[in-house]
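K.L.:
After the structure tokens below, expect a handful of questions from me.
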Protein chains: 4
Amino acid sequence: MTLLKCSADFCLIPMGTGESASVSKYIAEVQVLIRSSGLKYAMHSAGTTVEGPWDEVMGLIGKAHELIHSLGVPRVQTDIRVGTRTDKKQSFTDKVTVVENILKEKDAAASV
Amino acid sequence: MTLLKCSADFCLIPMGTGESASVSKYIAEVQVLIRSSGLKYAMHSAGTTVEGPWDEVMGLIGKAHELIHSLGVPRVQTDIRVGTRTDKKQSFTDKVTVVENILKEKDAAASV
Amino acid sequence: MTLLKCSADFCLIPMGTGESASVSKYIAEVQVLIRSSGLKYAMHSAGTTVEGPWDEVMGLIGKAHELIHSLGVPRVQTDIRVGTRTDKKQSFTDKVTVVENILKEKDAAASV
Amino acid sequence: MTLLKCSADFCLIPMGTGESASVSKYIAEVQVLIRSSGLKYAMHSAGTTVEGPWDEVMGLIGKAHELIHSLGVPRVQTDIRVGTRTDKKQSFTDKVTVVENILKEKDAAASV
């Protein structure tokens, strides 16, 4: 068991889905699954970030693979960026705020 | 020369920066660089998505590495998810809208 | 539980380890952990590929994070490329062979 | 221009190629392209590592996208792990040796 809290950003690619390059209908199914998990998450154009205990987050991504296979897709490839830290508690939603605050200070200093 | 338009989402990690686990000051410097490039971009908690001609986008990420090295950082590691498509013109900002519209239709159908 | 068999290639980066850019001693510790797992694996210069049931493979990478934290590292960031397929059984070690055989055929055809 | 030397490991995924989950014929075409580049490289089961000046390496991956599109594939998605360092010259082929030497020393110490 891995109880460590993590923040995982993943980009899932269904393969062997036919001639169409569009995969949005599969991504929508994965979003429904994530929503039902109860974990904190945010979708962006290059993936979805999910936060929670390691086993739950990774188990959720595994269930996403199973779901896509159950829709008839023979192969699924996912890229995951996962981070853990023990020095402080920080939600993934705080990260952008921290950087934006530094940028505001830099802008303010530059405009003096 | 590679004129192909691409959408690249990258997560840059400075290494050998000392005992602190925080890298937000470096990420802020990279944001200033990206802003000055004139390319369309969006920052999220797990990276930044940049859109434009392949050589410009990849050149920008290379300049980000050079910038971080110039700040005294001995090693930089970046994960890039880059996509190109020839079947249609689509900005990275459209992708989330497409998935959200499918989700709205699903929700509407479920609530009937 | 996710029993789906997967092949996961991961690149783990310890952060906040001091002024040195070298992380090989941490990677060696992770190799010892992987070796003790009994899962099939192969190390290369940009990561390690591990194969097995989803939960075991992802649990192993989680234990690698815990191990690195236990050595005093405050932050760990990992990139994982994970693939699953239902159309055939194929070990990750077969993939290179398949491509090399195509290359040999191309070379043979070109030399006629 | 970015003259910085880098080591880039990339995993290219053709999308919209039909019902088959196999992409080995496309990967073989990319290998022929890489071989003709003159850059140092190594293929493994989860990608190919290429080493050289930033612009050449990234330009090569861009040409790989163009090549796959020229074969009729409407969408290509690639994951790249790229690293640069200024503290020492090290080829990607040295990295595995460094870790293996640490493992040998650990094994030797354990067997005393």
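The values are calculated or read from the model by the stated rules, or taken from the named source; none is laboratory data. Predicted model only: the values in this text are computed from it and were never measured. Every residue, glycine among them, receives a Cβ derived from its backbone with ideal geometry; neighbour counts consider all protein chains shown.
K.L.:
Being within 11 Å of chain B (Cβ to nearest Cβ) and more than 24 Å from residue B:105 (Cβ to Cβ) is the filter here, so list the residues in segment A:50-60 that pass it.
P.N.:
A:51
K.L.:
Then there is this: In segment A:31-43, how many are more than 27 Å from residue D:19 (Cβ to Cβ) and at the interface with chain B (Cβ under 9 Å from one of its Cβ atoms)?
P.N.:
Qualifying residue count for the region: 3.
K.L.:
Follow-up question, since we're still on this one. Does residue D:111 count as surrounded by fewer than 12 Cβ atoms within 10 Å (Cβ to Cβ), farther than 25 Å from residue D:7 by Cα, at pLDDT 95 or above and among the hydroxyl-bearing types (Ser, Thr, Tyr)?
P.N.:
Taking the combined requirement at face value, the residue does not satisfy it.
K.L.:
Out of segment D:30-49, which residues are crowded, with 17+ Cβ neighbours inside 10 Å and of a type in the set (D, E, K, R)?
P.N.:
Scanning segment D:30-49 gives no hits.
K.L.:
Can you pull out the residues in segment D:11-25 that are facing chain C (nearest Cβ under 9 Å) and in contact (Cβ under 8 Å) with a residue 24 or more places away in the chain?
P.N.:
D:11
K.L.:
Moving on to the next point. Picking from B:46, B:28, which residue would you name as being modelled with pLDDT of 95 or more, out of contact with any strand residue (DSSP E or B) (no Cβ under 8 Å at 6 or more places or on another chain), within 7 Å of another protein chain (Cβ to nearest Cβ) and under 21 Å from residue A:94 (Cα atoms)?
P.N.:
Every option except B:28 fails the conditions.
K.L.:
Search segment B:67-88 for residues being more than 12 Å from chain C (Cβ to nearest Cβ) and under 22 Å from residue D:12 (Cβ atoms), and hand back the single one that is surrounded by the fewest Cβ atoms within 10 Å (Cβ to Cβ).
P.N.:
The extreme case among them is B:88.
K.L.:
For chain A, list the helices (runs of 4 or more DSSP H) that sit wholly inside it and hold at least 3 residues that are within 23 Å of residue C:65 (Cα to Cα); which are they?
P.N.:
By residue number, A:54-70, A:92-110.
K.L.:
Counting only residues that are buried (at least 24 other Cβ atoms within 10 Å of the Cβ) and farther than 11 Å from residue B:2 by Cβ, which one in segment D:50-66 is nearest to the chain's Cα centre (by Cα)?
P.N.:
If we take residues in segment D:50-66 being buried (at least 24 other Cβ atoms within 10 Å of the Cβ) and farther than 11 Å from residue B:2 by Cβ, then D:50 is nearest to the chain's Cα centre (by Cα).
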